[in-house]
1. Give the residues of segment A:142-161 that are outside any helix (DSSP H, G or I) and over 17 Å from A:P187 (Cβ atoms), sorted by residue number.
2. Take segment A:61-91 and flag every residue that is within 14 Å of chain B (Cβ to nearest Cβ), buried (at least 21 other Cβ atoms within 10 Å of the Cβ) and in a loop (DSSP other than H, G, I, E, B).
3. Across segment B:1-38, what is the total count of residues that are at pLDDT 90 or above, buried (at least 17 other Cβ atoms within 10 Å of the Cβ) and farther than 30 Å from B:Y95 by Cα?
4. Need at least 2 residues that are away from chain A (no Cβ under 14 Å) per element, so show me which helices (runs of 4 or more DSSP H) inside segment B:13-120 make the cut, counting only ones lying wholly within it.
5. On the basis of being in contact (Cβ under 8 Å) with a residue 24 or more places away in the chain, of a type in the set (G, A, S), out of contact with any Cys (no Cβ under 8 Å at 6 or more places or on another chain) and farther than 27 Å from B:S250 by Cα, does B:S220 make the cut?
6. Would you check which residues across segment B:140-172 are modelled with pLDDT under 95 and over 16 Å from B:L67 (Cα atoms) and list them?
7. All but one of (1) at the interface with chain B (Cβ under 9 Å from one of its Cβ atoms); (2) under 28 Å from A:R155 (Cβ atoms); (3) surrounded by 18 or more Cβ atoms within 10 Å (Cβ to Cβ) hold for A:Y120, so report the exception by its number.
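The values are calculated or read from the model by the stated rules, or taken from the named source; none is laboratory data. If you're wondering where the values come from, they're calculated on a predicted model, not measured in any experiment. Neighbour counts are summed over all protein chains in view; Cβ atoms, including those assigned to glycine, are modelled from backbone coordinates with ideal geometry.
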Amino acid sequence: MKGIMQTSAGSIAEWQTADRPDPGPTVPDPGLAVCVRGLAKHYVHPWTLRVTRGLEALDLDVRRGEVMGLLGPNGAGKSTTLKLLTGLLKPTHGQAWLMGEPAESTASRRSLGFLPEQPYFYDYLNGLEYLELAAQLSGMQAGTARERARHWLGRVGLGERPRLGLRKYSKGMLQRLGLAAALVHDPELLILDEPMSGLDPFGRRDVRELITEQRERGVTVLFSSHILPDVEMLCDRVAIMIGGRLTRVATVGELVEDGAQAVEIRCAPGALLELPKHWVGLVSRTQRADESVFRLEDEAQLADVLGWLLQAGVQVRAVTPQRPTLETLFLAAAEAERERRSA
Amino acid sequence: MIPLLIARNTFREATRDRVLAGVVVAGLALLALTQAASSLAMGEGRRFTVDLGLSGISVLGLLVILLTGTSLVAKEVERRTIYNLLSRPITRPAYLVGKWIGFSATLWSVALLLGLALWGLVVLRGWGGQGLAVLEAVYLVGLELSVITALAVMFSALSTPVLSALYTLGFYVVGQWSNDLRMLAERLPKELGMLLGTVANLVPNLPLFNMRTLAAEGHSTTWLHLGLASGYAAVYVACVLCLATAAFESKDFK
């Protein structure tokens with residue numbers, strides 16, 4: 001059958017045979033907050049039977065108390081992963097566990113707080129009513145739910161007008177309310193899909209503070225984001241997803257150290273020196289009004305270049321290592337994956 | 001506990017919707033209209049008032065179901081508000097049952113409000129003997145609306161609001177004719193008769209909930225009829241919600 005029903009995104013036969021068998025009902029490590037084994041999600045068009053692969057054989061572990069960022073371009077499978085974990089999507093293959101409970105069971109969602117991407121709410125409720133409902137649906141008694149709702153409404157800066165109808169909320173206010181709803185029942189695991197989206201710089205700072213505060217409480221946080229500086233600032237580890245596949249899991253430090261270490265040497269302005277020919281392409285020079293800047297693509301040349309400059313009598317003002325940003329690494333990973341696929 | 005929380009929220013949503021207020025006002029206006037027109041009914045004012053009043057409650061209830069009930073679940077999926085519910089420790093059957101309870105409670109409230117208005121009118125006009133019959137008929141209308149709501153919830157969980165409204169209306173219309181379909185099935189060739197008979201048995205037996213003519217004539221019904229109608233409604237609703245749950249359980253929310 002394989003090869004007969006070829007489609008643009010794959011075939012039914014491939015879909016049935018390519019993935020590994022389900023790992024079974026036993027959680028591999030109950031100590032993990034999130035444990036994913038061979039998780040895949042394929043969509044079959046009801047009429048054309050075309051198979052679209054949303055997520056391919058994902059293995060992922062998130063340790064308790066850790067903050068992990070899911071990074072990837074649009075269509076990378078980040079939201080699909082988060083929806084599979086929260087039970088909104090049913091997996092085609094594989095299994096996931098949240099706090100030791102199978103993700104498809106309601107028990108796994110008792111200690112879960114989830115913020116969907118661009119959250120929508122009941123516009124006939126007000127903020128307080130909504131948070132009360134959210135708390136009660138997560139198992140809190142009415143009295144405690146009301147108390148927690150008031151607390152969290154205030155905590156996200158919406159406490160001044162608790163009876164304001166949600167239809168009058170701005171996008172940023174709705175995002176804050178969504179966060180409050182995810183946190184109102186004191187979850188042990190937070191899954192946030194693009195928590196910074198739609199927020200101004202103040203809102204983003206507040207969300208960062210909230211995530212940091214939750215980490216200090218020992219809460220595990222798994223979130224997806226496009227805003228790389230926030231990921232760099234918050235995450236213990238980063239998972240990079242591209243085209244429905246996990247391409248890398250590492251700490252931000254590890255990712256950054258993997259890149260070539262460029263170095264910048266800033267010197268006082270002086271006579272124009274001609275760079276030796278064997279450094280062309282490895283060392284570049286920028287002449288500014290008040291200084292000359294030499295950029296070394298690899299720090300291995302640093303001693304030679306410095307020696308050469310000092311010998312020529314140039315006054316060196318600063319030597320600064322240029323670490324690649326997460327953005328640079330992310331874009332490079334995306335490019336590498338694209339090349340791998342086209343090959 | 002969880003279905004009741006969902007039910008309370010559904011009730012709150014429906015009662016804060018302007019459609020419901022409009023329907024209640026329309027129902028009260030209809031009752032007022034029966035009084036203005038009863039003088040033209042040539043001595044049949046009592047029959048006219050009760051029959052039209054009870055029919056009005058039933059039709060207005062159906063209108064609320066078609067306008068609001070048929071998008072009960074579909075709207076939540078479309079607006080993605082369902083993400084905030086199903087990512088909590090809530091089973092999908094509990095969600096659907098909660099939706100049905102909440103919306104049924106809304107319709108019972110409307111039926112009760114308009115029914116009490118009709119009963120008050122009957123008593124005020126000195127037709128007190130018909131009071132019990134009116135209340136029984138309102139109870140049966142409530143059961144009928146609960147059954148239709150279950151169908152609306154099922155179609156809404158599986159389809160778009162427009163299609164779900166069409167399916168619900170279709171079941172309502174065919175359900176009103178279910179007795180006639182059964183009689184017709186007996187006269188048709190065997191295979192066709194069996195097919196028609198099956199259709200008549202699958203759609204709700206709505207004539208069971210109709211005692212409008214009886215009430216208009218001032219006659220009460222029996223406890224057996226009320227018990228049978230209640231039992232039938234309970235079984236039918238349970239079957240429909242089980243079907244809805246089975247289909248909804250595997251649904252993906254993209």
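1. Answer for segment A:142-161, where residues must be outside any helix (DSSP H, G or I) and over 17 Å from A:P187 (Cβ atoms): A:G157, A:L158, A:G159, A:E160, A:R161.
2. Once the filter is applied, which keeps residues that are within 14 Å of chain B (Cβ to nearest Cβ), buried (at least 21 other Cβ atoms within 10 Å of the Cβ) and in a loop (DSSP other than H, G, I, E, B), segment A:61-91 yields A:G77, A:T86, A:G87, A:L88, A:L89, A:P91.
3. Within segment B:1-38, residues that are at pLDDT 90 or above, buried (at least 17 other Cβ atoms within 10 Å of the Cβ) and farther than 30 Å from B:Y95 by Cα number 2.
4. B:18-37, B:45-67
5. Yes: the conditions hold for B:S220.
6. The answer is B:L158, and nothing else.
7. (3)
Yes or no, residue by residue, for (1) over 21 Å from A:R110 (Cα atoms); (2) within 14 Å of chain B (Cβ to nearest Cβ):
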| position | (1), (2) |
| --- | --- |
| A:H151 | no, no |
| A:S170 | yes, no |
| A:V184 | no, yes |
| A:I191 | no, yes |
| A:I211 | no, no |
